[in-house]
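J.: Below are the structure tokens for one structure; questions will follow.
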Amino acid sequence: MKNKRTADIELDALIKILPSLFKEILKKNLIGVYLTGSYVTDHFNFQTSDLDVAVILHTSLTPNVRKHIGVLHHDLQQKFPKWGRRIECSYITQAMLESMLPPLSARPYVNNGKLYEEDALYGFEWLINLYSLQKNGPL
């Protein structure tokens, strides 16, 4: 997945900086940052698509780290006005990846620039995301 370029300079800059921003907050809890969804399946539409991101963690987010993640996503909207609100991000623990079935536990989830108060359950997209993680590798 590294070094893939688009026709959008802001999107390229966002993708390049995401891993270091997550590392700064998550530190040793971070395993990797992956892109999933239409971007990696070459069905990305610059006008309508969001940027699907999976952040893989050793353990669940603490309340304090979760607050910092919320601030990060808010800041991304300011720094990347075209794309910051179009990040759809799931924070997934390594344990969730042990099964092909969607996890029974919910995960922290960001959509439309907002970290949801209630964690979200996975649905049918789980298998597609697992495939993307394996096929494309981390950023």
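What follows draws every value from the coordinates through simple rules; no lab data is involved. Note that the structure is a prediction, hence the values are computed from the model and not measured. Backbone-built Cβ (ideal geometry, glycine too); neighbour counts: all protein chains shown.
J.: Measure out, as a whole number of angstrom, how far apart the alpha-carbon centroids of the stretch 71-139 and the stretch 1-70 sit.
T.: Spelled out, the Cα-based centre of one part sits 8 Å from the other.
J.: Also: Quote the charge dipole size of the chain about the Cα centre in Debye, to the nearest 20; the model charges only the Cβ of Lys and Arg (+1) and of Asp and Glu (-1). Show your work: numbers first, answer last.
T.: Details: 16 positive and 14 negative charges, 95 e Å.
That gives the chain a dipole magnitude of about 460 debye.
J.: Helix by helix through the chain, keep the DSSP H runs that span 18 Å or more along the axis on Cα and average at least -1.0 on Kyte-Doolittle, and give those back in order.
T.: Helices meeting the criterion: 9-26.
J.: Could the peptides 51-60, 4-13, 74-83 be put in order, highest first, of the mean number of other beta-carbon atoms found within 10 Å of their residues? List each step's numbers first, then the result.
T.: Values: 51-60: 19.3, 4-13: 12.6, 74-83: 14.6.
Top of the packing list down: 51-60, 74-83, 4-13.
J.: So how long is each side of the chain along the principal axes, counting just the alpha-carbon atoms, biggest first, in Å?
T.: 38, 31, 25
J.: Further, regarding this structure: Could you work out the local net charge near L61, counting Lys and Arg as +1, Asp and Glu as -1, over the other residues with Cβ closer than 10 Å to its Cβ? Mind showing how you got there, number by number?
T.: On the way: positive: R66, K67, R107; negative: D119.
Charge balance near L61 sits at +2.
J.: Compare the Cα positions of P102, G113, L18 along the charge dipole of the chain (+1 at Cβ of Lys, Arg; -1 at Cβ of Asp, Glu; about the Cα centre) and return the one farthest towards the positive end.
T.: Of the candidates, L18 comes out farthest on the positive side.
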